[in-house]
1. Looking at the stretch B:369-392, is at least one residue within 30 Å of the chain's Cα centre (by Cα), modelled with pLDDT of 70 or more, β-branched (Val, Ile, Thr) and over 18 Å from B:ILE73 (Cβ atoms)?
2. Restricting attention to the stretch B:92-102, does a residue exist that is surrounded by fewer than 16 Cβ atoms within 10 Å (Cβ to Cβ), more than 18 Å from B:GLN138 (Cα to Cα), away from chain A (no Cβ under 11 Å) and not polar (S, T, N, Q)?
3. Of a type in the set (Gly, Ala, Ser), under 19 Å from the mean Cα position of the chain (by Cα), assigned to a helix (DSSP H, G or I) and modelled with pLDDT of 85 or more, is that true of B:SER146?
4. What residue, among those in the stretch B:95-141 that are over 24 Å from A:GLN123 (Cβ atoms) and in a helix (DSSP H, G or I), is modelled with the highest pLDDT?
5. Suppose we filter the stretch B:123-148 for residues that are farther than 19 Å from B:ALA246 by Cβ and surrounded by 24 or more Cβ atoms within 10 Å (Cβ to Cβ); how many remain?
6. Of the residues that make up the stretch A:40-56, is at least one of a type in the set (Lys, Arg) and over 16 Å from the mean Cα position of the chain (by Cα)?
7. Could you list, in sequence order, the residues of the stretch A:97-149 that are closer than 14 Å to A:ARG46 by Cα and among the polar types (S, T, N, Q)?
8. Could you say whether any residue in the stretch A:3-22 is within 26 Å of the chain's Cα centre (by Cα), modelled with pLDDT of 85 or more and more than 12 Å from every other protein chain (Cβ to nearest Cβ)?
Amino acid sequence: MIALYVVIGVLVVLLILVVLNFNSLVRLRNQTQNAWSQIDVQLKRRHDLIPNLVETAKGYMAHERETLEAVTNARNLAQGAIGKGIDAQAKAEGELGGALSRLLAVAENYPDLKANQNFLALQEELTSTENKIAFSRQFYNDSILRYNNKIQMFPSSVIAAMTGFKAGEFFEIEVGTEREAPKVSFA
Amino acid sequence: MWEQIRSNQIRSMVLVVGMAAVLLVLGYFLGLVFFGSGTGGLIIALVLWLVMNLVAYFQGDSILLGISKARKITRDDHPRLFNVVEEMKIASGLEKMPDIYIIDDPALNAFAAGRDPSRASIAITSGLLQKLNRDELQGVIAHEISHIKNRDVLLMSFCSVLLGSIVILAWYATHMLFFSAMYGGRRSSGRGGGGGGEAIVLLIGILLMILAPIIAQLIYFAISRRREYLADASGALYTRYPEGLASALEKIAASTTELKTANQATAPMYIINPFRQKGRPAADLTSTHPPISERIRILRSMAGGASLADYNAAYARVHQGGGAILPSPALAAGAAPLRAPTPESAPLEPEPGKVERTREVSDLMWRMNNYRTVNCACGTKLKVPPNFKKSEVRCPHCGRIHPV
């Protein structure tokens with residue numbers, strides 16, 4: 001009789017452990033998905049800001065038609081790359097980022113533009129959006145790390161293997177371009 | 001993060017239970033002294049504590065924001081502050097954007113309020129908003145967001161209620177004792193021959209009245225200091241840039257302006273102790289916050305990365321192998337590389353200089369006090385007070401007349 005109770009007790013404890021671990025696996029996976037969608041939100045925000053920025057800058061920098069067009073084109077390409085896989089999207093977004101920083105660098109030569117309230121507000125929004133993209137990527141990677149740790153560590157690793165949880169992928173950016181601190185040359 | 005919050009919660013819980021014990025013992029002995037029954041005093045202490053807890057839980061944030069004269073602002077009032085808070089909200093994975101408040105005060109300080117992460121607020125003084133550049137502001141906001149994320153706000157308001165109950169109880173008991181000694185002297189002498197037992201109880205009661213608030217305060221401060229370290233560590237983790245917070249703390253430490261609206265009970269809510277004194281010995285028992293120079297040193301010696309393990313190592317270095325300040329389960333979380341500082345001349349950084357920042361904040365304060373702004377063609381911005389009666393105003397620089 002006692003043996004039966006012990007067996008039942010052990011089974012109940014095991015069941016509770018399984019349920020708790022399963023639930024925290026689900027919670028962590030949902031968090032990674034939510035974090036991923038946050039990146040998309042911020043990328044979309046950047047796309048939305050650009051037409052406004054180009055429109056404002058146009059009036060002041062008529063001579064920089066090429067730079068402005070480059071930004072508009074890069075933005076359209078980036079928008080077209082949505083849904084074509086992480087690699088294509090990351091590449092297009094990287095090019096858009098480059099075109100944008102060229103535009104803002106050129107804008108330094110136009111004091112009138114830099115004094116424009118609208119432009120300043122847009123510039124603040126754009127800076128912040130760049131930061132938000134970086135931070136949402138950072139949070140995505142943090143969540144993936146937590147999720148992967150959970151999947152690979154005992155005892156949740158057993159439950160993850162049985163119920164088919166798969167380790168998530170980190171959002172890596174091309175090493176050597178974005179990671180490196182910007183170099184200033186005085187040549 | 002979750003593991004670390006949980007294990008920190010256990011340590012804090014031990015301290016909270018200690019404080020609760022002080023309250024109950026105090027109530028018990030006061031009951032013995034005044035009603036001749038410990039249970040009566042116990043019940044009064046418990047009821048007082050419960051009522052104050054309910055008030056703190058449901059009204060705590062509005063009370064705190066109210067007594068600090070904080071005013072809520074919208075995105076249009078200060079887009080940069082809003083963006084920085086939103087960036088840190090994203091980095092920390094907070095579900096909901098906290099409300100943002102401004103305190104019109106030249107002192108440099110900030111605090112977080114709200115009982116849970118879905119109902120939180122961050123308040124910052126106008127002085128601080130003026131003084132900090134973007135990286136520093138980010139560090140301060142990250143520190144406050146960590147308080148919200150780690151649920152320190154709830155814990156600290158819980159503790160301050162406990163402390164408050166003890167102080168109130170001891171205060172009233174002292175006064176009752178004083179009055180009964182003055183008016184009730186005949187009664188107690190009439191009863192006569194109470195014996196040594198009563199005298200001992202009275203003695204313990206008086207002792208407790210004096211000691212309980214002090215003990216409770218020490219425990220309160222111990223909890224608060226521990227929380228500050230954790231908030232600094234997670235702040236560095238969210239921004240990946242400890243130098244931002246370090247240099248903000250340096251600016252704050254250099255200022256000598258005291259916050260007008262702070263008091264002893266609300267002190268632990270702020271980013272630094274509003275009542276700090278210069279030249280205090282390090283690791284003071286009676287301080288709500290760790291010494292600011294030490295916090296800066298720890299942040300600055302986080303050489304390898306911004307993870308919690310790096311903070312812990314830096315803490316040990318500053319304390320000469322003084323052991324860990326953060327619980328060990330949190331430290332396995334993996335590396336977090338530092339990011340580069342925002343370069344001064346980065347084209348992507350519309351960093352307003354000191355003058356612009358000052359103007360920006362003072363414009364905000366004018367607006368919040370219901371002054372209307374009239375832009376004159378000569379470049380002057382006229383601030384029209386809310387009780388201005390006339391229908392037009394003359395520009396003091398160029399003499400143009402503007403309708404109001």
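The values are calculated or read from the model by the stated rules, or taken from the named source; none is laboratory data. Owing to the predicted nature of the structure, the values given are computational and were not obtained by experimental measurement. Cβ coordinates were reconstructed from backbone atoms using ideal geometry, including for glycine residues, and neighbour counts include every protein chain displayed.
1. no
2. no
3. Answer is yes for this residue.
4. Out of the qualifying residues, it is B:GLY127.
5. Qualifying residue count for the region: 3.
6. no
7. A:SER101, A:GLN123, A:THR127, A:SER128, A:THR129, A:ASN131, A:SER136
8. So far as the stretch A:3-22 goes, no, none of its residues is within 26 Å of the chain's Cα centre (by Cα), modelled with pLDDT of 85 or more and more than 12 Å from every other protein chain (Cβ to nearest Cβ).
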